[in-house]
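Undergrad: This structure is in structure tokens; I'll ask about it shortly.
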């Protein structure tokens with residue numbers, strides 16, 4: 001079964017953000033950078049704030065805490081802006097980009113921008129039906145999104161999901 005749709009830049013950003021949210025490496029890196037930067041902010045304030053030891057420690061801790069709060073509050077928006085720039089750069093366009101997805105016994109084949117990817121069913125660990133798409137989560141931490149606009153009808157979408165689950169279950173049995 002083959003479906004196709006035009007992906008927007010927002011679609012690429014959404015898939016990348018979902019992938020990053022699931023990545024232990026990305027989360028670990030995020031917390032490490034936050035901790036190191038907060039430590040530098042605290043150290044800088046400890047050095048430059050005049051007064052006794054208690055005042056300097058208080059200023060350093062307050063600054064570190066403020067940095068953590070600010071970073072957590074702005075992380076998603078700033079990361080989306082960076083991801084958007086990267087996706088635009090990689091795609092060479094703001095979109096739309098034609099995506100073609102084919103389900104067969106051998107795996108999921110996805111094509112976009114002249115590149116073809118084939119994922120063996122044994123690498124698909126979860127198929128999730130969301131409000132706007134079907135997501136294929138793969139064992140390498142990446143995912144493939146098939147947007148609802150790829151389907152002519154709810155029945156076609158349902159058939160697509162059933163076929164994908166049948167192939168995934170068959171691969172798990174072997």
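A short reminder: the numbers here are calculations on the coordinates, not readings from a lab. From a predicted model like this one, the values you see are computed outputs, not experimental measurements. Here the Cβ positions follow ideal geometry from the backbone for every residue, glycine too, while neighbour counts run over all protein chains shown.
Undergrad: So how tilted is helix 154-173 from the main axis of the chain? Cα-based, degrees 0 to 90, rounded to 10.
TA: Value to nearest ten degrees: 80.
Undergrad: Sorted from largest down, give the three principal axis spans of the alpha carbons of the chain, whole angstrom values.
TA: 72, 39, 27
Undergrad: By count of other Cβ within 10 Å, fewest leading, how are 17, 1 ordered? Kindly include the intermediate steps, with their values, before the conclusion.
TA: Numbers: 17 15, 1 11.
Fewest-to-most ranking of 17, 1: 1, 17.
Undergrad: How much FRET efficiency would the formula 1/(1 + (r/R0)^6) give for residue 156 and residue 128, where r is the Cβ-Cβ distance and R0 is 22 Å, rounded to 0.05?
TA: In this case the efficiency is close to 0.75.
Undergrad: Right, something else. How big is the gap, in Å, between the Cα center of region 46-122 and the Cα center of region 17-39?
TA: 9 Å
Undergrad: Given the rule -39500 (n - 2.57) for each run of at least 4 DSSP H residues, summed and divided by the residues of the chain, what is its mean residue ellipticity at 222 nm, to the nearest 500 deg cm²/dmol?
TA: Working: 4 runs with 98 residues, N = 174.
Roughly -20000 deg cm²/dmol at 222 nm, from the helical runs in the chain.
Undergrad: Another question, then. Please identify, among 61, 144, 53, the residue showing maximal mean-square fluctuation in a Gaussian network model of the chain using a 10 angstrom Cα cutoff.
TA: 53
Undergrad: What Rg and what Dmax come out for region 51-117 when only alpha-carbon atoms are used, in angstroms?
TA: Looking at region 51-117, its Cα Rg and Dmax stand at 23.0, 72 Å.
Undergrad: Related question: Sort 43-50, 81-88 for me by packing, meaning the mean count of neighbouring Cβ atoms within 10 Å per residue, highest on top.
TA: 81-88, 43-50
Undergrad: May I pose another question? Please list, in order, the residues from region 124-152 whose amide nitrogen is less than 14 Å from a point placed 7 Å along the Cα→Cβ vector of residue 27.
TA: Once the point is set 7 Å along Cα→Cβ of residue 27, 141 turn out to lie under 14 Å by backbone N, inside region 124-152.
Undergrad: Based on the Cβ-Cβ distance of residue 88 and residue 53, what FRET efficiency does E = 1/(1 + (r/R0)^6) give at R0 = 45 Å, to the nearest 0.05?
TA: Efficiency for this residue pair is about 0.35.
Undergrad: Mind sorting 137, 117 by how few other Cβ atoms lie within 10 Å of their own Cβ, fewest first?
TA: Ascending Cβ contact count within 10 Å gives the list 117, 137.
Undergrad: Send over the Kirkwood Rh of region 14-91, from the inverse of the averaged 1/r over different Cα pairs, rounded to one decimal Å.
TA: One decimal place: 14.3 Å for the Kirkwood radius.
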